[in-house]
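Contents: one structure, followed by commentary.
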Amino acid sequence: MPEPLKWASKTLLAKIETAYGTDAVPTALANAVLAMNVELTPMDGEDVTRNLERPHMGADPSIPINLRSVLSFDVELVGSGTLGTAPAWGPLLRMCGVAEVISAGTKVEYSPVTDGHEAGSIYLAIDTTRYVLLGARGTVVFTLNANGLPIMRYTLTGLFTMPSQQAKVVPDYTAWQAPQVVSKANTPVFTIGGTSFVMRNFSFDLGNDVQPRMLVGQEAILIVDKQEQLSVQVEAVPLTTYNPYQIAQDQTLQAINITQGTVAAKRVKLAIPSAQQGRVTALANEQKIKEWPLTFTPLPGALGNDQWKLTLE
């Protein structure tokens, strides 16, 4: 009997494509992804039932169509360790409708773009079975919860290719840095409308609408819209300090800023200049302290593509 394939044996590689849907051939030395909590739907799609008329009862055969693969995983949110050098997770964020701007020796910035979305080739090996996603695009959720790791949860959809048997490779993870946990000491800035808050949970969802477009003459994975959403849970403060009910009713836009990390070149700053706060629909009792779960919608300015910016410096 052959040995069973081990789920714990995984290698993930990702690389930006030069031409859409053409394998960029990521390598274990240059394109390894240090991932957590990997989930794969290897053969997502639909089935067309043939509805055959026959002289007897029985199930109808079907044909699978619109095949694609959906891959989800976490990576840690931390800079590259060198000022002005893109992090190893940069290609993943670029696959989510985000532009990367590098200022050599100074910083790396990420911001949303409406056009020219990049795509990537992804190899996921589980033991000796390799799954390949081509033309992959997706979305991501940033999570910074107190006393936890700063995490990005990616969900990437790519064109289906037939899995194959491959020899194991040895990935190089030296470009990946260890993050600092989210805490008072390591998260020095968190403000809403210029007011500092005690924060429990923070989640920022790019909200990309990712659609498989499978037509005659074209098969592609597209990002057709974006609906960013931010949710936080903070200690409630006197209404004279911050009145979330009045702010929600008046639709007063708020600037939101958070800085994670205290070490240069590993530090990450997220700035949302204009966010509309949603209605306050619940209150939370945590350790007998009143907390507010708040939601925000980042809004673009007049020029667009400026509803948020992520800076590594």
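The values are calculated or read from the model by the stated rules, or taken from the named source; none is laboratory data. Every value quoted in this text rests on a predicted model; they were computed, and no experiment measured them. Ideal geometry is used to build each Cβ from the backbone, glycine not excepted, and the neighbour counts take in all protein chains shown. Just so you know, the surface numbers come from the protein's heavy atoms only, side chains and all, with ligands and any DNA or RNA stripped out. Shrake-Rupley method; radii C 1.70, N 1.55, O 1.52, S 1.80 Å.
Points worth noting:
- Considered as a group, the residues in the stretch 135-150 that are of a type in the set (A, V, I, L, M, F, W, C), part of a strand (DSSP E or B) and open to solvent by less than 30 Å² (accessible area, probe 1.4 Å) include one that is farthest from VAL232 (Cα to Cα), and that residue is ALA136.
- Only one of LYS290, LYS309 that is surrounded by 16 or more Cβ atoms within 10 Å (Cβ to Cβ) and either modelled with pLDDT under 95 or within 26 Å of ALA185 (Cβ to Cβ) (or both): LYS309
- Pair list, Cβ < 8 Å and 6+ apart or interchain, from the stretch 4-17 residues that are within 17 Å of ASN37 (Cβ to Cβ) to residues that are basic (Lys, Arg) and open to solvent by 20 Å² or more (accessible area, probe 1.4 Å): SER9/LYS168; THR11/LYS168
One line per residue, one yes/no per condition, for (1) free of Cβ contacts under 8 Å to residues at least 12 places away in the same chain; (2) part of a strand (DSSP E or B); (3) among the small types (Gly, Ala, Ser); (4) in contact with a helix residue (DSSP H, G or I) (Cβ under 9 Å, 6 or more places away or on another chain):
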site: ASN186; (1), (2), (3), (4): no, no, no, no
site: PHE190; (1), (2), (3), (4): no, yes, no, no
site: ASP225; (1), (2), (3), (4): no, yes, no, no
site: VAL237; (1), (2), (3), (4): no, no, no, no
site: LEU303; (1), (2), (3), (4): yes, no, no, no
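- GLN233 being out of contact with any Gly (no Cβ under 9 Å at 6 or more places or on another chain), part of a strand (DSSP E or B) and within 20 Å of THR157 (Cβ to Cβ): no
- The stretch 230-243, subset among the polar types (S, T, N, Q) and within 22 Å of the chain's Cα centre (by Cα), residue surrounded by the fewest Cβ atoms within 10 Å (Cβ to Cβ): SER231
- Test for GLU76: is it open to solvent by 30 Å² or more (accessible area, probe 1.4 Å), of a type outside the set (Gly, Ala, Ser), under 28 Å from GLY261 (Cα atoms) and in contact (Cβ under 8 Å) with a residue 60 or more places away in the chain: yes
- Any chance PHE160 is open to solvent by less than 70 Å² (accessible area, probe 1.4 Å) and under 23 Å from SER80 (Cα atoms): no
- Any hit, the stretch 244-252, residues being open to solvent by 40 Å² or more (accessible area, probe 1.4 Å), of a type in the set (A, V, I, L, M) and in contact (Cβ under 8 Å) with a residue 12 or more places away in the chain: no
- Taking the criterion of being in contact (Cβ under 8 Å) with a residue 24 or more places away in the chain, surrounded by 12 or more Cβ atoms within 10 Å (Cβ to Cβ) and either assigned to a strand (DSSP E or B) or on the phi > 0 side of the Ramachandran plot (or both), the residues of the stretch 30-58 that qualify are ALA32, VAL33, VAL38, LEU40, THR41, PRO42, MET43, ASP44, GLY45.
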